[in-house]
């Protein structure tokens, strides 16, 4: 079986049926032909009782179909946060997928490689996810021109990487699927890590991704505010002043870069709400961010019925 045939093997079954959709989420291997630079000696992925995933050696996509009778053809690939050390799969993955499903959006929670592999493995995983969903759009009942990437914290950095480095050579592995466009059609960034140096840096994410002594060229490349171009997709940013882990300046830097490059962008900066707030109530106006995000998706036509 060729690499492309392996990657597309699941598509042979045709569109996901209503029965399959109601049976619960489906987990798909991201690299059915073999994980690039595989490290089988590390053992399998681990999930703790709080729904956090670590030791990721087998990247996956878990499919959450849109709510019955609401599907509008929009897809979102969700990258949970966790500093490139762990992933908050339940709070910043599954929870968002269920919410997006009520809006008619089909979601794909990405379990991506992190500190065990470091750069550029996470970039390869998120771009592979976009290519895989786009190549199998008919099977998932989504439109190939309505595929977004959403990320929180370090997952926001990964989502921003997809929106800026979608055509970078480091995001390719030599698979035939590399021929499919990896550019997301929109981004949704929740309290994202953006800067890799300076006062706004999240040092833990940088160390996990680039090592304790990263090269200057790697810091430059993975500083997302420096990689924005007019081709970066429309972006929604959500952050809070109270974020003591990832300074709000990260979102501001990215928004400024988007504005300089005339990329459509909308940013909500709230007073209250700690880092990793998810969808909790009791955070003042910050608890209303899902409504603001829904309005943004609607204004961009991403909740309109598929044609």
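Quick note: the coordinates plus some simple rules give every number you see, no bench work behind them. What you see is a predicted model, and the numbers here were worked out from it, not measured in a lab.
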Rounded if a/c under 1.5, otherwise prolate or oblate - segment 53-198, Cα gyration tensor axes: oblate
Need one number: % antiparallel among DSSP beta bridges in the chain, to the nearest 5. 35 percent
Over segment 191-307, what is the relative contact order in percent, taking alpha-carbon pairs closer than 8 angstrom and at least six residues apart? 25 percent
What percent does the relative contact order of the chain come to when contacts are Cα pairs within less than 8 Å and at least six residues apart? 16 percent
Helix-derived mean residue ellipticity, 222 nm - over the chain, DSSP H n ≥ 4, -39500 (n - 2.57), to 500: -7500 deg cm²/dmol
Take the alpha carbon atoms of segment 237-294, find their center, do the same for segment 26-88, and report the distance between the two centers in whole angstrom. 24 Å
Tell me, what is the Rg over Rh of segment 150-307, with Rh the Kirkwood radius over Cα pairs? 0.98
Using alpha carbon positions and the Kirkwood radius, the Rg to Rh ratio of segment 56-107 is 1.03
Checking the a/c ratio against 1.5 first, then a/b against b/c, what shape does the Cα gyration tensor give for segment 171-254? oblate
Yeah, the chain with a ≥ b ≥ c from its alpha-carbon gyration tensor (a/c under 1.5 is rounded, else prolate when a/b outruns b/c, oblate otherwise) is rounded
Using a 10 angstrom cutoff on alpha carbons, build the Gaussian network for the chain and name the most mobile of 42, 236, 210. 42
If you line up the Cα atoms of segment 236-302 on their principal axes, what length do they span on each, largest first, in Å? 34, 26, 14
